[in-house]
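The values are calculated or read from the model by the stated rules, or taken from the named source; none is laboratory data. Small disclaimer: the values here were computed from a predicted structure and weren't measured. For neighbour counting, all protein chains shown are included, and Cβ atoms are generated from backbone atoms with ideal geometry for every residue, glycine included. When the accessible area is computed, the model is the full protein with side chains, heavy atoms only, and any ligands, DNA or RNA have been set aside. Shrake-Rupley method; radii C 1.70, N 1.55, O 1.52, S 1.80 Å.
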Amino acid sequence: MQFNSYSFIFLFLPVILTAYFGACKFNTLLGKLVIIAGSIFFYTGKDLTSFKVLGISLVINYLLLKFLEKHRGPKMYMLFPVIVNVGMLLYYKYTNFLLTNIAIVFGKEIGLKELFLPIGISFFTFQQIAFIVAVYREEIKTVRFVDYASYILYFPKLLMGPLMDPVDFLEQWNDSALKRISWDNMAAGLKLFSFGLFKKLVLADTFAKAVAWGFSNTDAATSMDWILVTLFYTFEIYFDFSGYSDMAVGISQMLNISLPINFDSPYKAVSVRDFWKRWHISLTKFLTKYIYFPLGGSRKGLFFTCLNTMIVFLISGIWHGANWTFIVWGLLHGAFSIMDRLIEKIPGKIFEPARWLMTFVVLNGLWLLFRADSLAQWRYILIRILSLNNLNISDGLLSSFALPEAAVLFRSVPLISVISKKMRGFIMNVFIAGAAAICFFPENNYRKKD
């Protein structure tokens, strides 16, 4: 189920809110069970078979956690369940990628496995690991299945995060004062949800149509088309993911649970390192806490600092998807982050708008890699852009912005209709200006959620 679906907005969300707070009036445990049951339905719909992998993962992890709760001895007791979870993630998400590359290297045909990729496996795997570490470190003294299942299955963050510290979640989850309806939280959550819904439906989905046109017309698209498509994907991925995060935080606020901030105006960044302090913040914190710091962080000298940075970004790339494009994307982000660290004393002397522009151009190029089907396609598109051999904008790209709502607007405001007829690509330019204004000027919605 998607946050932006009619069934979620007009049926699931009102029912779950009513059932949860109604159940909590009688018994807080009953309220938790409502969220668990609702989250399973949210994840599976009517097809419970899709819950099989996640359900098995829950049971296995709970048994391992109970063992860990009683035996917090050697570090291997913690590492074993972590390896089990990482192994499941690698098996379901990367087996066929590995088999494909083995076949290429050895020039043999290898049959691919028919694997069902569980929805949200990357996110719930990391949440499992966070819970394991918290139990091992005795930040969580007692493992109760209902609390553990609530943390993993909690539907606002189940599919796409944000990743949340289990201790923070359980403190709120077990606070009896938060089991009653807060109309202030309802209003603030609904407002933030509405902002996120607008980002997703109006902005992200419209830019997605233009991006889809570009990748469906790879050879026919002009250099200017590709410049614009690259920019459009930069906007699409931000409004899609940021919109989802806004909706998740808004829904959770209605339930009186505060999820962590996940985006903080990332396209205002003046370096790649600055970008990762603003983009998918919960993932950055997770990778820093559970990988970068255990590897030694920046405590062992410059070489190991650079090495640890590259390892973290390599894992980030692999985590995002099973394709060489994601791996190279991660490595390039790591390389630019190291470069920023090495010359961090110089940027202060560079005109800040120039630093921002250079960063934004780099991010656009790397997002194009993230979206490309292959490294070869990314290279081909970059060559098309840099050649500047045709600066015309194709009608097909412009037609991606021909929305039904625009016709209503034209009838309501004749002046806009006149301008659109005289200015080719008027609606596209309105979307670009609107997206840029939202990305570059106002304060982050999360900071305004109250």
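Please give the FRET efficiency for L112 paired with M1, using the beta carbon to beta carbon distance and R0 = 25 Å, rounded to the nearest 0.05.
0.30
Using R₀ = 45 Å, calculate the FRET efficiency as 1/(1 + (r/R₀)^6) where r is the Cβ-Cβ separation of K209 and V167; round to 0.05.
0.60
Can you tell me the length gained on complete extension of the stretch L388 to R144, counting 0.36 nm per residue apart and subtracting the Cα distance?
Result: 81.7 nm gained on full extension.
Select from the chain the helices, each a whole stretch of DSSP H, whose alpha-carbon atoms run 30 Å or more along the helix axis and whose Kyte-Doolittle mean is at least 1.0; answer none if there are none.
Taking the DSSP H segments of the chain (at least 30 Å long, mean hydropathy at least 1.0), we get 76-106.
Within the range 223-253, whose backbone N sits under 15 Å from a point 7 Å along Cα→Cβ of F440?
Under 15 Å, as judged by backbone N against the label point of F440, lie 231-232, 234-235 of the range 223-253.
Expressed in nm to one decimal, what extension gain is obtained for the pair L48 and K75 from 0.36 nm per residue of sequence separation less their Cα-Cα distance?
Roughly 6.1 nm would be gained on extension.
Gaussian network model of the chain, Cα springs within a sub-10 Å range: biggest mean-square fluctuation belongs to which of I181, I261, I56?
Checking each option, the largest mean-square fluctuation is seen for I56.
Just to confirm my numbers, what's the Cα centroid distance between the range 288-350 and the range 67-134 in Å?
22 Å
Using alpha carbons only, what's the Rg to Rh ratio of the range 145-304 with Rh from Kirkwood?
When Rh is taken as the Kirkwood radius, the ratio is 1.07.
Strictly over 23 Å apart at the Cα level, which of K199/K422; K32/K66; K199/K277; K157/K268; K179/K289; K75/K277 would you flag in this model?
K199/K422; K157/K268; K179/K289; K75/K277
For T18, project a label point 7 Å along Cα to C-beta. Then give me every residue of the range 237-277 with its amide nitrogen under 18 Å of that point.
Hits in the range 237-277 for T18 at 18 Å: 254-255.
Could you tell me the calculated FRET efficiency between L63 and L11, based on Cβ-Cβ distance and R0 = 35 angstrom, to the nearest 0.05?
In this case the efficiency is close to 0.50.
Between Y77, Y238, Y292, which gets the highest mean-square fluctuation from a Gaussian network model of the chain, Cα cutoff 10 Å?
Y77
For the chain, just the Cα atoms, rotate onto the principal axes and tell me the three extents in Å, largest first.
70, 57, 53
Solvent-accessible area per residue for the chain at a 1.4 Å probe radius, Å²?
48 Å²
Using Cα positions and a limit of under 13 Å, work out the aspartates and glutamates in reach of K70, with same-chain residues fewer than 8 apart set aside.
E138
For the range 280-396, compute Rh as the Kirkwood radius over C-alpha pairs and then the Stokes-Einstein diffusion coefficient at 37 °C and 0.692 mPa s; write the answer in µm²/s, rounded to an integer.
203 µm²/s
Of all accessible surface on the range 1-139 at a 1.4 Å probe, what whole percent is carbon and sulfur?
69 percent
Report T49's accessible area, 1.4 Å probe, all protein chains in place, as a number in Å² to the nearest 10.
90 Å²
Extending each Cα 7 Å along its Cβ direction at L30 and S182, get the distance between those two points in nm, one decimal.
2.4 nm
Which whole-number percent gives the relative contact order of the chain, counting Cα pairs below 8 Å spaced six or more residues apart?
Once normalised by length, the contact order is 16 percent.
So for each of 276-288, 102-114, 365-377, 145-157 I average, over its residues, the number of other beta carbons within 10 Å; can you give me the resulting order with the highest mean first?
145-157, 276-288, 365-377, 102-114
Projected area of the range 60-191, taken from the Cα convex hull and averaged over every viewing direction, in nm²?
11.2 nm²
Please list 315-322, 422-429 highest first by mean number of surrounding beta-carbon atoms within 10 Å per residue.
So the peptides 315-322, 422-429, ranked by packing, come out 315-322, 422-429.
Within the P(r) computed for the range 18-88, what percentage of the Cα pairs occupies the region above 17 Å?
60 percent
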